[in-house]
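Undergrad: Here it is: the structure, laid out below.
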Amino acid sequence: MDKKNKIVYKGIEESGFVILASKLRPLIDSNTLNYFYFSGEIGSGKTSYIRILLRHIGITENIKSPSFNMVEHYETEKKTIYHVDLFRMENPTAWQDGEIGSLFEEENTLIFLEWPEKAKGLPSPDARLEISVGAYHIEKNKRDLSIYFKEPELLNNRYFLLPK
């Protein structure tokens, strides 16, 4: 994804993630964004941010990490949502021949995928989020976040501004 399609947040806290989730919701509801890929070191907050997004989409049930099962799935009235974690995948093309590969063929599907760098040949994401602890490792509630959008017209800096 092109760097001009990117917005960067430095040192945001959980409340900032909540605001961003509320801003992404209309784009998810309109099927503008269906595939989200999350990158970042272990413990950076990928799963936590996905939980926030799932709550904003209306998931009220217990949200489990897919670290061991690789895939957790949730249903809304309009969409099937998959939370995929590729961290334990050893073969970079293994995702193609099973459950994970078939997820990309379903309609009305929303996919939140962690560790896309562990796979080869994934479909292009609509949005890629990179979360980093960065210089905030001492202040463990702050993160740096970069969001890349596949479609440059989605990047409206005013829409995605966070309050100070």
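Derivation of every value follows stated rules applied to the coordinates shown; laboratory data play no part. Everything quoted here is computed from the prediction, not taken from an experiment. Quick reminder, even Gly has a Cβ in these numbers, built from the backbone with ideal geometry, and neighbours come from all protein chains shown.
Undergrad: Based on the alpha carbon coordinates of the chain, what radius of gyration and maximum Cα-Cα distance (Dmax) apply, in Å?
TA: 15.1, 46
Undergrad: Neighbour counts of other C-beta atoms within 10 Å: give me Lys46, Lys78 arranged from fewest to most.
TA: Sorted ascending by nearby Cβ count, the order is Lys78, Lys46.
Undergrad: On to the next question. Quick one: which of 89-99, 23-33 comes out on top by average Cβ neighbours within 10 Å, and what's the full order, highest first? Don't skip to the end; give the middle numbers.
TA: Details: 89-99: 13.4, 23-33: 15.8.
Ranking, from highest mean packing down: 23-33, 89-99.
Undergrad: Where in the stretch 97-111 is the amide nitrogen less than 13 Å from a point lying 7 Å along the Cα-to-Cβ axis of Thr60?
TA: none
Undergrad: Are any of the pairs Lys78/Lys142; Lys10/Lys79; Lys120/Lys142; Lys78/Lys150; Lys23/Lys120 more than 27 Å apart by Cα-Cα distance, and if so, which?
TA: Lys78/Lys142; Lys10/Lys79; Lys120/Lys142; Lys23/Lys120
Undergrad: How large is the dipole of the chain about the Cα centre if only Lys and Arg carry +1 and Asp and Glu carry -1, each at its Cβ, rounded to the nearest 20 debye?
TA: With only Lys, Arg, Asp and Glu charged at Cβ, the dipole is about 820 debye.
Undergrad: For the chain, what relative contact order do you get, as a whole percent, if you take Cα pairs closer than 8 Å and at least 6 residues apart? Kindly include the intermediate steps, with their values, before the conclusion.
TA: Details: 265 pairs, mean separation 59.9, N = 164.
That works out to 37 percent.
Undergrad: Next question. What is the fewest-to-most order of Asp126, Asp144 by other Cβ atoms lying within 10 Å of their Cβ? Walk me through the numbers before you get to the answer.
TA: Numbers: Asp126 22, Asp144 18.
The most exposed by this proxy come first: Asp144, Asp126.
Undergrad: Read phi for every residue in the stretch 14-19 and hand back ³J(HN,Hα) as whole Hz from Karplus 6.51 cos²θ - 1.76 cosθ + 1.60, θ = phi - 60°, with x for Gly and Pro.
TA: 4, 4, x, 5, 5, 5
Undergrad: Could I ask something else about it? Compute the helix-to-body angle for 46-57: its Cα long axis versus the longest principal axis of the chain, expressed 0 to 90° and rounded to tens.
TA: 90
Undergrad: Would you calculate a helix-derived [θ] at 222 nm for the chain, using -39,500 (n - 2.57) for each DSSP H run of n ≥ 4 and dividing by the full residue count, to the nearest 500?
TA: -6000 deg cm²/dmol
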